[in-house]
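Asks: I'd like to ask you about the structure that follows.
Derivation of every value follows stated rules applied to the coordinates shown; laboratory data play no part. As the structure is a prediction and not an experimental result, all values here were calculated from the model. Note that each Cβ is placed from the backbone with ideal geometry, even for glycine, and that neighbours are counted across all protein chains shown.
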Amino acid sequence: MNGTKPAGTRRVLAAHVVETELEHLDWATRQPALHVFDTGYWRRRVLAVKGRFELTGRQLMQLEKILLRLGPSTE
């Protein structure tokens, strides 16, 4: 083996993917609440981005703003 991590544990640097995902999450969490998706769902989506990708300082700030908008975790 060449010492690389399995795909499930590897963090990815893909700025364009992160930007698109954060823009979508920012837009989606500003919309009126839908009965299909609760706050917990959006929180998990946001935290998945944080865990899967290497984020810049600006991206981390944007992510934290989204989490603040969602409010405290109820899980």
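Asks: Binning at 10 angstrom from zero up to the longest distance, how are the C-alpha pair distances of the range 15-70 distributed in percent?
Replies: So the P(r) values, bin by bin, are 23, 60, 16, 1.
Asks: Report, in debye and to the nearest 20, how large the dipole of the range 15-70 comes out about its Cα centre when Lys and Arg carry +1 and Asp and Glu carry -1 on their Cβ.
Replies: Roughly 180 debye, rounded to the nearest 20.
Asks: Moving on. Between Thr56 and Gln31, how high is the FRET efficiency from 1/(1 + (r/R0)^6) when r is the Cβ-Cβ distance and R₀ = 35 Å? Nearest 0.05.
Replies: 0.85
Asks: Around Val46, what is the net charge, scoring Lys/Arg as +1 and Asp/Glu as -1 over all other residues with Cβ under 12 Å from its Cβ?
Replies: Charge balance near Val46 sits at +4.
Asks: Contour minus end-to-end for Ser73 and Tyr41, with contour as 0.36 nm per residue of separation and end-to-end as the Cα-Cα distance?
Replies: So the chain would gain 10.5 nm between Ser73 and Tyr41.
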